[in-house]
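Encoded as structure tokens, the structure appears first; notes follow it.
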Amino acid sequence: MNATWGSSSADRTNSPPGTGLRAVIWTAADSEWERHAGRCSDYCTRMGYEIVAVISESTGGRWADVVTILITDGRADVVVVADRDQLPRDRTPRIEAVADERRRLEPTTKDVVRPRPRPQFLRRR
């Protein structure tokens, strides 16, 4: 497990009291992972979350480490990511919202397959 920040008691006292929620920050493999982790840390502070770990693929962390902290050990209540795109697509456990199903089923302009124009053959006389 790769906890790079937030494990000391000094770090826990930086969060405003009140929520009682504990967070693990996840960043995907990215050259700007430290910036993403900083954004997540700022968010946790604003929300009053206690940061229990920061795990990044860039430093050898794995999504399985997040699952262990969240579910197996029960040391965290929420996973914080800088952007939804940073989440592994094949992650488990998955959280799906029924409302999102409609969005997935509605075609967007990038989903529409436009027929290609048929080639025109010129006749020789």
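The values are calculated or read from the model by the stated rules, or taken from the named source; none is laboratory data. Keep in mind it's a predicted model, so treat the numbers as computed, not measured. Here the Cβ positions follow ideal geometry from the backbone for every residue, glycine too, while neighbour counts run over all protein chains shown. In case anyone asks, the SASA skips ligands and DNA or RNA and just uses the protein heavy atoms, side chains included. Shrake-Rupley method; radii C 1.70, N 1.55, O 1.52, S 1.80 Å.
Here are the numbers:
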| quantity | calculated |
| --- | --- |
| Subset of the stretch 27-74 that is in a strand (DSSP E or B) and among the small types (Gly, Ala, Ser) - its residue that is surrounded by the fewest Cβ atoms within 10 Å (Cβ to Cβ) | 56 |
| Residue that is least open to solvent (accessible area, probe 1.4 Å), among those in the stretch 75-100 that are of a type in the set (Asp, Glu) and out of contact with any strand residue (DSSP E or B) (no Cβ under 7 Å at 6 or more places or on another chain) | 100 |
